[in-house]
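Asks: This is the structure I want to talk about, given as structure tokens.
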Amino acid sequence: MSIIRQNISLKNYNTFGIDVSVKLFGQFTNVEELQNIITDQKYIQEKLLILGGGSNILFTKNLDGLALHNQITGIEAVEEDDNSVVLAGGSGIVWHDFVLHAINLNLGGIENMSLIPGSLGASPMQNIGAYGVEVKNSFEWLEAYHIESGEIHRFNNAACEFGYRESIFKRKNKGQYVITKVAFRLTKQHQLNTSYGVIEQELETLNITEPTIKDVSNAVIKIRESKLPDPIKIGNSGSFFKNPVIDNALFEGIKAKFPKIVSYPAGNGKMKIAAGWLIDQAGWKGKTIGSYGVHKNQALVLVNYGGSSGSDIYKLSEEIIQSIKEVYGINLEREVNIL
Ligand code: EPU
């Protein structure tokens, strides 16, 4: 039986490094342990928070309730055919470890998402993505513990209703499931995706003309390390905001005023705008207020240099949203969950 402790600091359980406490804290290494805790009469009324890598969360206050750190591990190949292998892993595995495991087996599909902070279980929640590839491109299925019924439900790709940094687990099914296992269909003869300009440039710099899966992963790691702060050194949560998707008509008006705006066609008469560019051009990049601010290399990333409160960082995000609305008439949405 797992031990549940009281008044525990969550500082080491969120990549922003915010020091808040939670009333009750425990961990689980398999579904049975999870079930035992959350069906225990002592805890059944408690508000439940499942912690993975804590890389997409901003704590703004001390929490009442029960936080459980997911430590379900183990990776296995569960299916194989001529072209692919389905690799399934426990949801508590560090995402990058899962990526490296796949690369070591020479399986392709997720190498462009190397070094994204967080856990395997959180990856489908918000359909993480980087450098032209998203989870939904190779996701096969996940298993999740249904809190109300105590059953394990399996969701295939369509059932997850993936969108840009979205899934059913952030919408309709929010708070109803604990993801326990995640499986990806990875390819044996892999078609690399190096179309993202910076990857091509990095491979050129490294003098690689016929890249392997590992080379692409290494290139992505180099790019991320040069642009994005390492959460171990500087508290952060990756992109704090989503790239807004707006109607072409609104976009044309903005482009007339800001011809250098960075945008990508998003289909259905819409454009996706680089929020980093908007925030940067509005003068926020590198802005530091005491011990927190906007990162100097990537304006989409808010940072805690140490000792800041989540509510201060939240306030800064409000000011940025307000400013982007005033300057461009665009509503920014947060990617990070606020608690
Ligand atoms: N830009 C600026 N100034 C900045 C930041 C960006 O001008 O301060 C410009 C860049 O020059 C570039 C464009 O904006 O032209 C886009 O920047 P970048 O390639 O860095 O990507 P992004 O759109 O800002 C997204 C993801 C990242 C992912 C990268 C690479 C979102 C919210 N963010 O960022 O994901 O790593 O693409 O694919 O979609 C995350 O979600 O936590 C994350 C880091």
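Asks: Spelling out what I want: for every residue of the range 95-106, take phi, set θ = phi - 60°, compute 6.51 cos²θ - 1.76 cosθ + 1.60 (Karplus), and round to whole Hz; glycine and proline get x.
Replies: Taking θ as phi minus 60°, the curve returns 3, 5, 5, 5, 4, 5, 4, 4, 5, 5, 8, 6 Hz for the range 95-106.
Asks: Here is a follow-up. Just the C-alpha atoms of the range 258-339: what Rg/Rh do they give, with Rh taken as the Kirkwood radius?
Replies: In the range 258-339, Rg relative to Rh is 1.00.
Asks: Across 5 Å bins from 0, what is the distribution of all Cα-Cα pair distances for the range 75-187, in whole percents?
Replies: Going from the shortest bin to the longest, the percentages are 2, 13, 24, 27, 19, 10, 4, 1.
Asks: Using the Cβ atoms and a cut-off under 15 Å, what net charge is assigned to the surroundings of residue 189, where Lys and Arg are +1 and Asp and Glu are -1?
Replies: Counting the neighbours of residue 189, the net charge comes to -3.
Asks: With each label point set 7 Å from Cα along the Cα-Cβ vector, what nm distance links residue 291 and residue 30?
Replies: 4.2 nm
Asks: Continuing with this model, one more query. Mind checking the per residue accessible area of the range 51-146 for me, 1.4 Å probe, whole number of Å²?
Replies: Counting only protein heavy atoms, the per-residue value for the range 51-146 is 33 Å².
Asks: Now a separate question. HN-Hα J couplings of the range 71-82 from phi, Karplus 6.51/-1.76/1.60, θ = phi - 60°, integer Hz, Gly and Pro as x?
Replies: 10, 6, 10, x, 10, 8, 7, 10, 7, 8, 9, 4
Asks: Here is a follow-up. In the range 82-188, which trypsin sites (Lys or Arg not before Pro) are in a loop and have at most 13 other Cβ atoms within 10 Å, using DSSP for the loop call?
Replies: 171, 172, 174
Asks: If you don't mind, another one. Identify all aspartates and glutamates with a Cα-Cα distance to residue 42 below 19 Å; exclude those on the same chain that are fewer than 8 residues away in sequence.
Replies: 32, 33, 64, 148
Asks: Another question, then. Could you give the nm distance between label points at residue 42 and residue 156, where each point is 7 Å from its Cα heading toward the beta carbon?
Replies: Each label point lies 7 Å from its Cα, and together they span 4.3 nm.
Asks: Which residue, 232, 38, 18, tops the fluctuation ranking in a GNM of the chain built on C-alpha contacts under 10 Å?
Replies: 232
Asks: Using 28 Å as the Cα-Cα cut-off, could you pick out the over-long pairs in 136/287; 136/257; 11/287; 222/255?
Replies: Exceeds cut-off: 136/287; 136/257; 222/255.
Asks: Now for a different question. How much length is gained on full extension from residue 12 to residue 189, taking 0.36 nm per residue of separation minus their Cα-Cα distance?
Replies: The span from residue 12 to residue 189 would gain 59.8 nm if fully extended.
Asks: So, one more: Find how much the distance from residue 62 to residue 333 grows on full extension, using 0.36 nm per residue of separation minus their present alpha carbon separation; answer in nm with one decimal.
Replies: 95.2 nm
Asks: Which residues among the range 181-211 fall inside the zone where the amide N is under 11 Å from a point 7 Å beyond the Cα of residue 226, along Cα→Cβ?
Replies: Only 198-206 pass the distance filter.
Asks: List the equivalent ellipsoid semi-axes of the range 99-144 in whole Å, largest first, each obtained as the square root of 5λ for an eigenvalue λ of the Cα gyration tensor.
Replies: 16, 13, 11
Asks: To the nearest 20 debye, what charge dipole does the range 194-339 have about its Cα centre, counting +1 at the Cβ of each Lys and Arg and -1 at the Cβ of each Asp and Glu?
Replies: Using Cβ point charges on Lys, Arg, Asp and Glu, the range 194-339 gives about 280 debye.
Asks: Run down the aspartates and glutamates and flag those whose C-alpha is under 16 Å from the C-alpha of residue 315, throwing out any fewer than 8 positions away in its chain.
Replies: Candidates past the 8-residue exclusion: 333, 335.
Asks: Distance in nm between label sites at residue 172 and residue 2, each 7 Å beyond Cα in the beta-carbon direction?
Replies: Computed distance between label sites residue 172 and residue 2 equals 2.8 nm.
Asks: Given q = 0.08, 0.09 Å⁻¹, what are the Debye log10 I(q)/I(0) values for the chain, with equal point scatterers placed on the Cα positions and solvent ignored?
Replies: Rounded to two decimals, the profile gives -0.40, -0.51.
The values are calculated or read from the model by the stated rules, or taken from the named source; none is laboratory data. All of these numbers come straight from a predicted model, not from anything done at the bench. Every residue, glycine as well, gets a Cβ built from its backbone with ideal geometry; the counts of neighbours run over all protein chains shown. Surface areas here come from the heavy atoms of the whole protein model, side chains and all, with no ligands, DNA or RNA. Shrake-Rupley method; radii C 1.70, N 1.55, O 1.52, S 1.80 Å.
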